[in-house]
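Peer 1: The structure under discussion is supplied below as structure tokens; questions concerning it will follow.
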Amino acid sequence: MTSLKSRSAGSAQRRTPARGGAGGGAFIATNHLPILLRMGPPAGGCPNTTIKIIDWNRMSTALEEIDTPTLNSVPDDINITDEVDPAIGALTTHVRTVVENNELTVPASSDH
């Protein structure tokens, strides 16, 4: 049996049963820890009573519109790194606004 060593020193290793190996008792050494996924309402809270539905067709059409004040603030040519952050901010603001304008909040228990 070949032993696999952890790449990071000091990390905890566990022996995991190998899949597809011949015979029983085959294990692989791994430092992958299990992931716990909690299903249901948030700890100490209530479940969401509403959900948001996005009209993707309207949103797509709205994103094609590029003649908006927010996007007009972005220069056609970005020549220096100081212009990158404001351009990203303007694009992010535009996308956020389009999403908010094309979403509908409905009760989580409704059939839609």
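The values are calculated or read from the model by the stated rules, or taken from the named source; none is laboratory data. What you are looking at is a predicted structure, and each value in this text was computed from that prediction instead of being measured. Positions of Cβ are backbone-derived with ideal geometry, glycine not excepted, and every protein chain shown enters the neighbour counts.
Peer 1: Is it true that Asp82 is at pLDDT below 90 and either part of a helix (DSSP H, G or I) or among the hydroxyl-bearing types (Ser, Thr, Tyr) (or both)?
Peer 2: It is true that Asp82 is at pLDDT below 90 and either part of a helix (DSSP H, G or I) or among the hydroxyl-bearing types (Ser, Thr, Tyr) (or both).
Peer 1: I'm trying to understand the selection: among the residues of the range 76-100, which are surrounded by 12 or more Cβ atoms within 10 Å (Cβ to Cβ) and not hydrophobic (A, V, I, L, M, F, W, C)?
Peer 2: Listed by number, the residues that qualify are Glu83, Pro86, Gly89, Thr93, His94, Thr97.
Peer 1: Pairs only if they're at least six apart or on different chains, beta carbon under 9 angstrom, first in the range 63-83 and without any contact (Cβ under 8 Å) to a residue 24 or more places away in the chain, second not in a helix (DSSP H, G or I); list them, first residue then second.
Peer 2: Leu71/Glu65; Asn72/Ile66; Glu83/Val74; Glu83/Pro75; Glu83/Asp77
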